[in-house]
Amino acid sequence: MKKLLSIAAAITFAANMLPAFGEQTTHSGLGMVQSLDRAKGEITVKHDPISSLNWPAMTMVFQVKDDQLFGRLQTGKRVAFEFVVSDNRYVVTSVIALADQSSTTAPVSEQAHHRGMEMMMGSGAMQTMMDNCMAMMKH
């Protein structure tokens, strides 16, 4: 009986650690678009560290959820983007092209970051800011 209770407790604990059914965690990142493959629905981004996943800066391929997002993407341009993990793939759900600055010529990992941005990235403020920007772009 104790073993059965232990198993039930472990299952309950594990279930509480998972997101609610159908809910996906959205992650935010900043990076430079390295390449676009519209036919495959993929982009390659050299991104800054992504604290929500404990990732260092790296270059990786992301799927693009909506083909219309390709209109906001250009090789060699800095972007702020959001993505979710879906079926073991990293899927970009929104993207905002960032203004060109002279500092963007340095590699992503060597660029100076605004101190406030690091606090914003994990707080949900980045999500709100991107939602507001996306809403303004639609109007």
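Structure notes:
- All positions within the range 37-61 that are assigned to a loop (DSSP other than H, G, I, E, B), surrounded by 14 or more Cβ atoms within 10 Å (Cβ to Cβ) and touching a residue at least 24 places away in the same chain (Cβ under 8 Å): GLY41, ASP48, ALA57
- With respect to (1) out of contact with any Asp or Glu (no Cβ under 8 Å at 6 or more places or on another chain); (2) at pLDDT below 95, the lone exception for PRO49 is condition (2).
- Verdict on VAL85 being at pLDDT below 95, under 14 Å from HIS27 (Cβ atoms) and part of a strand (DSSP E or B): yes
- Matching option when the condition is surrounded by fewer than 20 Cβ atoms within 10 Å (Cβ to Cβ), out of contact with any His (no Cβ under 9 Å at 6 or more places or on another chain) and in contact (Cβ under 8 Å) with a residue 12 or more places away in the chain, among GLN74, GLN68: GLN74
The values are calculated or read from the model by the stated rules, or taken from the named source; none is laboratory data. The structure presented is a predicted model; accordingly, all values stated were derived computationally and were not measured. FYI the Cβ positions are ideal-geometry reconstructions off the backbone, even for glycines, and counts take in every protein chain you see.
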